[in-house]
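Working notes for the structure below.
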Amino acid sequence: MLPEKQIPALIIIDVQNAIDDPAWGPRNNPGAEDSLHRLIEAWRHAAASIYHVRHDSTEPASPYRPGQPGNNFKAEVAPQPGEPIIAKQTHSAFIGTGLEETLRRASHQRLVMAGVLTNNSLEMSVRHAGNLGFEVDVVADACWAVDKTDLDGRKWSAQDVHALSLANMHGEYARVIDTARALSLLT
């Protein structure tokens, strides 16, 4: 096993009950929660750092709003006592949260990131992390997107949205990998 500061920190973005609200529409990657669970369990087994990001929406009708059942973490990714929870109110996990300072104090230079939505808070947080100089791996099968309609009224499938978002991140901001490759970073 690598020394703790060489093991990347695992950051899970916004995997809360709110993401199951039917208003989001069809999604891709139905096995993403299983992949997330595998990652979290492996990081726990390695006694490596896990950071759980929770979106605390300020929008009155949002299922992500504190006090709503949707604000709770999904059971598959629920933090254990002692695992840090980073509360955010914007799309980026790095704005107004202290996450960057927390990671730097813990000497984390490399991050493994996953969660939802691929093209929303995950992509925003990954781009932000890349711009801050962190080395980022995005776990493609541990995140998902939903169908999206563009400004011309064309509906894009969740899989297409997911693939394009991953392509946006890969290279310049991050390296896109799968769960198997992410797990290999622990050994």
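The values are calculated or read from the model by the stated rules, or taken from the named source; none is laboratory data. These numbers come from a predicted model, not from an experiment. In this analysis, Cβ positions are derived from the backbone assuming ideal geometry, glycine residues included, and neighbour counts consider all displayed protein chains.
Cβ-Cβ distances below 6 Å connect the following pairs, each with a first residue in segment 150-170 that is touching a residue at least 40 places away in the same chain (Cβ under 8 Å), a second residue that is surrounded by fewer than 14 Cβ atoms within 10 Å (Cβ to Cβ), and a separation of six or more residues or different chains: Ala158/Pro26.
For segment 4-20, enumerate the residues that are at pLDDT 95 or above and either in contact with a helix residue (DSSP H, G or I) (Cβ under 8 Å, 6 or more places away or on another chain) or part of a helix (DSSP H, G or I) (or both).
Once the filter is applied, which keeps residues that are at pLDDT 95 or above and either in contact with a helix residue (DSSP H, G or I) (Cβ under 8 Å, 6 or more places away or on another chain) or part of a helix (DSSP H, G or I) (or both), segment 4-20 yields Ala9, Leu10, Ile11, Ile12, Ile13, Asp14, Val15, Gln16, Asn17, Ala18, Ile19, Asp20.
Among the residues of segment 148-170, the ones that are over 18 Å from the mean Cα position of the chain (by Cα) and of a type outside the set (Ser, Thr, Tyr) come to 9 in all.
Looking only at residues in segment 171-187 that are hydroxyl-bearing (Ser, Thr, Tyr) and without any contact (Cβ under 8 Å) to a residue 60 or more places away in the chain, which one is surrounded by the most Cβ atoms within 10 Å (Cβ to Cβ)?
Looking at residues that are hydroxyl-bearing (Ser, Thr, Tyr) and without any contact (Cβ under 8 Å) to a residue 60 or more places away in the chain, I get Tyr173.
If we scan segment 52-61, do we find a residue that is in contact with a strand residue (DSSP E or B) (Cβ under 9 Å, 6 or more places away or on another chain), surrounded by fewer than 18 Cβ atoms within 10 Å (Cβ to Cβ), more than 30 Å from Gln109 (Cβ to Cβ) and free of Cβ contacts under 8 Å to residues at least 24 places away in the same chain? There is no residue in segment 52-61 that is in contact with a strand residue (DSSP E or B) (Cβ under 9 Å, 6 or more places away or on another chain), surrounded by fewer than 18 Cβ atoms within 10 Å (Cβ to Cβ), more than 30 Å from Gln109 (Cβ to Cβ) and free of Cβ contacts under 8 Å to residues at least 24 places away in the same chain. Listed by position, the helices (runs of 4 or more DSSP H) enclosed by segment 84-187 that each have at least 2 residues that are small (Gly, Ala, Ser) and out of contact with any strand residue (DSSP E or B) (no Cβ under 8 Å at 6 or more places or on another chain) are 158-169, 179-184. Please enumerate the residues belonging to segment 62-83 that are part of a helix (DSSP H, G or I), surrounded by 15 or more Cβ atoms within 10 Å (Cβ to Cβ) and free of Cβ contacts under 8 Å to residues at least 60 places away in the same chain. Those that are part of a helix (DSSP H, G or I), surrounded by 15 or more Cβ atoms within 10 Å (Cβ to Cβ) and free of Cβ contacts under 8 Å to residues at least 60 places away in the same chain: Gly70, Asn71.
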